[in-house]
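In what follows, a structure is listed as structure tokens, so that the remarks can point back to it.
Laboratory data are not the source of any read-out in this text; all were calculated from the coordinates shown. Everything numeric here is computed off the predicted structure, so don't read it as measured data. Don't worry about glycine lacking a Cβ; one is built from the backbone with ideal geometry, like all the others, and counts go over all protein chains shown.
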Amino acid sequence: MMKRKVAIVALAQSKYESSKKTLSLGEMIWEVVEKILRETGLKFEAQAGDKPRTVIDKIVSCSEDYWQGRTISDCFYHLEMGALGMSVTKVAGDGASAVYHGAVNILSGKHNVVLVIAWRKESETIGSIVENAAFDPIYLRPLGIDFLMAAGMQANQYLHKYGITEDQCAEVVVKNRQNAFSNPYAQEPLELSIADVMDSKMLSYPIKALDCKPVSDGACALVLANEEAAKDLTSNPIWIAGMGNCYDSHYPGDRDLSDCESLQMAAQKAYEMAGITDPFRDIDVAEISECYSYQELLWMEGLGICGRGEGGEFVRDGITRIGGKLPVNPSGGVLSGNPSGVAGMIRVGEAYLQLSGQADKRQIPDAGTALAHGCYGPNGQSHCVVILNR
Amino acid sequence: MEECQKETARITDPAYRGYAEASYGVARKKYEAEKKVYQKALDQGYIIIDSIVHLPFKESAGLRLSRFFNALRDESKILALRCPQCRRVTFPPRAVCGFCRVTIGEKEEEWFALGDTGTVTSIVLPTEREVDRATGRVVGEPNPCAFIRLDGGDEWTILVHYLEFMDIEKLKRGMRVKAVWRPREERRGRMSDIEYFVTV
Amino acid sequence: MTERIAIIGVGQTEFKSKWPEISEVEMLNMAAKRALENAGMTIKDIDAVFIGNMELFEGNYQVDMWLTEGSGAYLKSGMKIQTGGSTGSSICTTLFDHAATGMFRAVMGIGFEKQDEGSSDASLRSISEDTFFDIANGGRGAGPSMSEMALDLLERKSVTEEQIARLRVQASENASKNPHAHLRKKVTVEDVMNSPYLIPPLRLLHMCPTSVGACAMIVAPESTTGKICPNPAWVEDWVTIHGGIQPPVGHLGTYLSKSELGPLWAYGVEQASLKLYKRCGIKNPRKEIDVIEVYNMSSWHEAEWYERMHICETNGAGKLIEEGATALDGDIPVNPSGGVVVTNAIGASAMQRMAEAAIQIRNEGGERQVPGVETAFAVTAGGDSYSAAALFRKSLS
């Protein structure tokens, strides 16, 4: 059990936009870091002068070289991260993994307060070319495959196996895009009907334009603290009760794409730590990373929120709406516009806002336990699950 | 980089030419040796897959650097920021003072212009050059380049830029240099709006 | 819940300049298997696998995904860590932190570079600098900063060129005894002093090669170590400090010899070493440490790090070299592996410093073993003054 060892004490997000043209990447990063510093009053360990008892003593950044077109890409923004003279590690993956890393830095006993930052400007280059480079260079990349095509394959397999319908997937889009209206940071709230989604342009069967997330720019930062420091920093710390991450195999042919074994294992680790035996009953709100609409259904099944093949009915029956038994993605989710790589941290952040009562119009009343999920790699090859408690 | 292409023919100093040719020779030798190793593997039946990733980027300079490059192009001014707290100079302008972790660049009084003259703190000679794997062409410029502390800045003010061709013996740390600006119509709002620096 | 931790297995491939016969997957797998064999474990005993690699050097985005085939990360925890030249040591500190939580039975990290598949030179020179100020290829990469540092060493009479040549000879002596080094041929002082200048005073033979290879390391908490490892290298403490000095000055080691923070290339190594000594109660590093591994990207760096690690006094690096103190049979052997100047596969090289320290503690150094090692120290450096330092002990008191 992870009782009260690591807490989230502060969060800052950008307003996610399809193109933050007026801000440089550095300015976008500083915007969220500055908010956190202002809110918490925290200083960095390396800053000269009087040392207050509680300082940020570690920075974990989360970004990818490919999206910036340069190597050691994070070092261009170390000053914006406050990293001068600090201990810094870069996790090149999803934001939820960066949160995991930051929590480990505290659980090891080596650090007390960790600043975790994720950023990406998807608008600055061409996503499908970057994604193509994620596939192995020997078999898959020469085919010209990108994540959308891989997702199409997975969606086909998943929908076919369980008889889930395209309009059940469309239901997810309608729900999440509607939820986004209540989230001031959400990129693209939309008033949609199922027909709107079904009529949108077919991109990679059965995935249509509105089944996909839009291109997005933004950054997210949060502060993790050990028990003692958390008490110093906030009257409302939200505890990480459990966490787990797991890799699957790379080649789509080696996996049953209608399954998500690595998500099940990641969730299992998190649930065990958090003492969760019945996810549907024990979790009050879930923020799940769904870059494509079918993924919200598939990941719910992998998380054990519903049974295998039941995802479609679950969403159709309104269980995952705001007001339903287990609201999923009250923030609007990734579908409403989140940058990949940051998305997992945004889910953790939104879960934190829910439990700390700061979720304003999208607040789920009396939420006591939240689940946040991030995924990375083609077809969700790796997953990270974080359980938060009040 | 195209605006910085200089013809090898412009190299007049024999010693200099020797340098440039020697570095070209080293680069070509590496390329040829590499091809040999791969050919050997290919002859043995190993498969080697060629690929090139072409990724175009459109990077936003943002609020502060847009102002910086506009001033460079339109007013021949090199702008920098002074932190209101510690008074250190941040060049080029960015959103934060790295030492104080405070926002800079939002207030007018923090902006000021550096001189377009300066002192060379470090020099790079045009030695080893890179060979483009795909074409076998040698890339990189034969000009020396330098780290220049522009006048008006402090110890953290450094600009990396080209120097004119000159005798190698004359390249010295501590040299005083001045910017040679491109004609107004050739400027694009990039650092290349300064063509290079000459000694004064 | 936190536990003391140890390195219980190390595996390295051979290091060469080109390796077209194997794929990255096979190369990683080789290192991973050797580490498991060294530890007497199977992949089933490992709970998490971490990879470190500078992706743009080989052109593979999300490379940890493809490499699950060879790294053993399939159905295990893990993530990808990147911090430039010090990537290998960042993987190590990530392994140390994970193991110390007590949440994992054992964790494995693999650092590697297959630079022949891409072009790290091109990566470093043309796209590692800032878009807006990359007017001159960022000043041609790491070279200039290194020449500044070398000139500084000469100017304050800390070393002579001849002494640096001797360091390079020493590295080649050690490398000839290390089957995992890349450049194993012994060189002479004449060879070094006559090799062509790159950026004066840096000569070709002073500089590290670009190597291809992988290094894997297994770390476990005491609860596992006690059960399965008769010969652990205990990790007493670890520290990372990052300089964070920015382009367009150049992040690759930086160029300022005088600043309020001291010479900027030295910042990370010095601060990390001092912080670690303080935390571990080390007052006289030269006396209290038995062997050191440093990140010597060139032989000049080795001399510089002697001073920054405080194993000699300021401007005293040359004296240390004259005494032969850092040779394999000296009183403070440095880089029994030969160091980075003979083997530089960027993702692996920082890990190899910590791996070699562990090898020395575990008495597995073969021909290059320093006798009677009880305490070992490793400190790494990378672009933008990223530094990690760790202290290893044969036994915990």
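Tabulated results
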read-out: Helical contribution to [θ] at 222 nm, DSSP H n ≥ 4, -39,500 (n - 2.57), averaged over the protein assembly as shown, rounded to 500; value: -9500 deg cm²/dmol
read-out: Within straight-line cross-link reach of residue C:283, lysines at Cα separation under 29 Å, skipping those fewer than 8 residues along the same chain; value: A:51, A:58, A:110, C:157, C:258, C:275, C:319, C:394
read-out: Segment B:157-164 - phi-based ³J(HN,Hα) in whole Hz, Karplus 6.51/-1.76/1.60, Gly and Pro as x; value: 8, 9, 10, 8, 7, 7, 10, 5
read-out: Residue of A:343, A:134, A:351 that the Gaussian network model of chain A assigns the largest fluctuation, springs spanning Cα pairs under 10 Å; value: A:134
read-out: Inter-chain Cβ neighbour average for residues C:99-112, partner chain, 10 Å; value: 2
read-out: Long-range HN-HN contacts of residue C:180 with modeled amide H, under 5 Å; value: none
read-out: Segments C:174-180, C:212-218 sorted - mean Cβ within 10 Å per residue, highest first; value: C:212-218, C:174-180
read-out: Highest average packing first - A:117-123, A:279-285, Cβ atoms within 10 Å; value: A:117-123, A:279-285
read-out: Separation between Cα centres of segment A:290-351 and segment C:56-96, rounded to whole Å; value: 28
read-out: Tail weight of P(r) past 18 Å, computed on alpha-carbon pairs of segment B:57-199, percent; value: 62
read-out: Using alpha-carbon coordinates, inclination of helix A:343-355 to the longest axis of chain A, degrees; value: 70
read-out: Neighbouring partner chain Cβ atoms per residue of A:242-255, average, 10 Å criterion; value: 4
read-out: Distance from segment A:151-180 to segment C:289-321 (C-alpha centre basis), Å; value: 61
read-out: For residue A:90, residues with placed amide H under 5 Å, excluding near neighbours; value: A:61, C:82
read-out: Gaussian network model of chain C, Cα within-10 Å springs - most flexible of C:91, C:43, C:282; value: C:282
read-out: 28 Å Cα-Cα threshold exceeded, pairs from A:175/B:58; A:5/C:80; A:361/B:107; A:15/A:175; value: A:175/B:58; A:361/B:107
read-out: Assigned charges on the beta-carbon of Lys, Arg, Asp, Glu; the protein assembly as shown dipole about Cα centre (debye); value: 1420
read-out: Averaged over C:20-28, number of beta-carbon atoms from partner chains that fall within 10 Å; value: 3
read-out: Loop trypsin sites (Lys or Arg not before Pro), segment B:149-190 (other Cβ atoms within 10 Å of the site Cβ: 10 or fewer; DSSP); value: B:172
read-out: 15 Å Cα-Cα reach of residue A:35 towards aspartates and glutamates, excluding residues that sit fewer than 8 places from it in its own chain; value: A:27, A:80
read-out: Highest to lowest packing among A:145-155, C:97-107, scored as the average C-beta count within 10 Å; value: C:97-107, A:145-155
read-out: Under 5 Å, built H, 5+ apart or other chain: amide partners of residue A:6; value: A:240
read-out: Charge dipole of segment A:1-111 about the Cα centre (unit charges at C-beta), most positive-ward option of A:29, A:79, A:108; value: A:108
read-out: Cα centre as origin, Lys/Arg/Asp/Glu Cβ charges: segment B:57-199 dipole, Debye; value: 280
read-out: Highest-fluctuation residue, C:308, C:353, C:279 considered, GNM on chain C with Cα pairs under 10 Å; value: C:279
